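Asker: One structure, pasted below without further comment.
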Amino acid sequence: MSVIALIDYGAGNLRSVHNALVAAGADHVAVTADPGVVAKADRIVLPGVGAFAACMNGLSAIPGLVDAMERRARGEGAPFLGICVGMQLLADAGEEHGTHRGLGWIGGTVRAFDPAPGLRIPHMGWNDVVPTFAHPVIAAGEAYYLHGYHFADAAHVAATSSHGATFTAAVAKDNIVGVQFHPEKSQAYGLATLERFLAWHP
């Protein structure tokens, strides 16, 4: 049985993401903050809703959790998916309510959208996903977004979208992928994205 560790650090839409993973065919989804479970998981999913600093602080406050994620994903190559703020936490830093350090797995900085007349912030609703290269998890389509900050100057952009200007919709590096949109709210497109993640063997 393949175990998916869905990281519970007080900052994710856990029930919806859990249900979406099960609907996509996950054998066993462990909603967990236990480093021991994460260290043995076949795949890791890091959700995230809210402010960058609060999410990073919540993640870092659980003893051994970041180290277990780092060892299992970056050291041992377990497939990893970051969702919304969970993707943003992969960055070097975030600039929401001051500058705060991220995980630093993928270069870049999370910044606010530049305000412009008529531009609604946060960016909320359906928008495009435009792949920048062929990737087993990321496909062209429309997904549901809800965010006021974006992953700027990302080192490994896998897809883009546009809200006033082009922004990063997905990042991908080796066995690590992150999406700014919410697969669990993106109906058939989101379900297909999760199915591709579950079938992915980087």
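Asker: As an exercise: evaluate Ile106 against (1) within 18 Å of Thr168 (Cα to Cα); (2) part of a strand (DSSP E or B) and give the number of the one condition it does not meet.
Answerer: (2)
Asker: Could you list, in sequence order, the residues of the stretch 158-201 that are assigned to a strand (DSSP E or B) and either among the charged types (D, E, K, R) or surrounded by fewer than 17 Cβ atoms within 10 Å (Cβ to Cβ) (or both)?
Answerer: Our first condition is that a residue be assigned to a strand (DSSP E or B); within the stretch 158-201, this holds for 158-162, 166-173, 176-179.
Once the filter is applied, which keeps residues that are assigned to a strand (DSSP E or B) and either among the charged types (D, E, K, R) or surrounded by fewer than 17 Cβ atoms within 10 Å (Cβ to Cβ) (or both), the stretch 158-201 yields Ser162, Thr166, Lys173.
Asker: So, of the residues in the stretch 43-102 that are touching a Cys at 6+ places or on another chain (Cβ under 8 Å) and not in a helix (DSSP H, G or I), which turns out to be surrounded by the fewest Cβ atoms within 10 Å (Cβ to Cβ)?
Answerer: Val49
Asker: Right, something else. Just give me the residues in the stretch 1-29 being in a strand (DSSP E or B) and crowded, with 17+ Cβ neighbours inside 10 Å, in sequence order.
Answerer: Within the stretch 1-29, Val3, Ile4, Ala5, Leu6, Ile7, Val29 qualify.
Asker: Continuing with this model, one more query. Out of all the residues in the stretch 157-171, is one or more β-branched (Val, Ile, Thr) and without any contact (Cβ under 8 Å) to a residue 24 or more places away in the chain?
Answerer: Going residue by residue through the stretch 157-171, those that are β-branched (Val, Ile, Thr) are 157, 160, 166, 168, 171.
From what's left, without any contact (Cβ under 8 Å) to a residue 24 or more places away in the chain: 166.
Yes, the conditions are met somewhere in the stretch 157-171.
Asker: Among (1) part of a loop (DSSP other than H, G, I, E, B); (2) surrounded by fewer than 17 Cβ atoms within 10 Å (Cβ to Cβ); (3) among the small types (Gly, Ala, Ser), where does Ala154 come up short?
Answerer: Among (1) part of a loop (DSSP other than H, G, I, E, B); (2) surrounded by fewer than 17 Cβ atoms within 10 Å (Cβ to Cβ); (3) among the small types (Gly, Ala, Ser), Ala154 violates only (2).
Asker: Here is a further query. I'm checking my understanding of the structure. Among residues of the stretch 109-120 that are in a loop (DSSP other than H, G, I, E, B) and aliphatic (A, V, I, L, M), which one is surrounded by the fewest Cβ atoms within 10 Å (Cβ to Cβ)?
Answerer: The qualifying residue surrounded by the fewest Cβ atoms within 10 Å (Cβ to Cβ) is Ala116.
Every number here is computed from the coordinates shown, using simple stated rules; none is lab data. As the structure is a prediction and not an experimental result, all values here were calculated from the model. Heads up, the Cβs are rebuilt from the backbone with ideal geometry, glycines too, and the neighbour counts pull from every protein chain shown.
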